[in-house]
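Structure, as structure tokens:
The values are calculated or read from the model by the stated rules, or taken from the named source; none is laboratory data. What you are looking at is a predicted structure, and each value in this text was computed from that prediction instead of being measured. Every residue, glycine as well, gets a Cβ built from its backbone with ideal geometry; the counts of neighbours run over all protein chains shown.
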């Protein structure tokens with residue numbers, strides 16, 4: 001299944017194959033418990049992360065790794 005088509009299933013995480021070519025902006029939506037990844041500055045949806053009980057912010061370490069803590 002194409003990563004772009006996978007977004008039709010809101011219960012599954014997906015990421016566009018070419019997403020790593022772009023700078024990404026991560027946005028968490030605490031209401032639906034998802035993290036959305038958009039290309040920056042274009043703003044195209046590049047992926048969705050699901051399966052969080054309650055995302056409680058986003059942080060980045062010195063290596064550029066993105067961390068998403070969850071509420072206990």
Would you mind stating whether residue 41 is in contact with a strand residue (DSSP E or B) (Cβ under 9 Å, 6 or more places away or on another chain), exposed (fewer than 10 other Cβ atoms within 10 Å of the Cβ) and free of Cβ contacts under 8 Å to residues at least 24 places away in the same chain?
yes
Criterion first (surrounded by 15 or more Cβ atoms within 10 Å (Cβ to Cβ) and either in a loop (DSSP other than H, G, I, E, B) or in contact with a strand residue (DSSP E or B) (Cβ under 7 Å, 6 or more places away or on another chain) (or both)) does residue 47 satisfy it?
yes
Being farther than 10 Å from residue 48 by Cα and modelled with pLDDT under 85 is the filter here; which residues of segment 20-36 pass it?
20, 29, 30, 31, 32, 33
Residue identified as out of contact with any helix residue (DSSP H, G or I) (no Cβ under 6 Å at 6 or more places or on another chain) and exposed (fewer than 10 other Cβ atoms within 10 Å of the Cβ) among 29, 61, 56
61
Got at least one residue in segment 12-19 being within 20 Å of residue 69 (Cβ to Cβ), part of a loop (DSSP other than H, G, I, E, B) and at pLDDT below 90?
yes
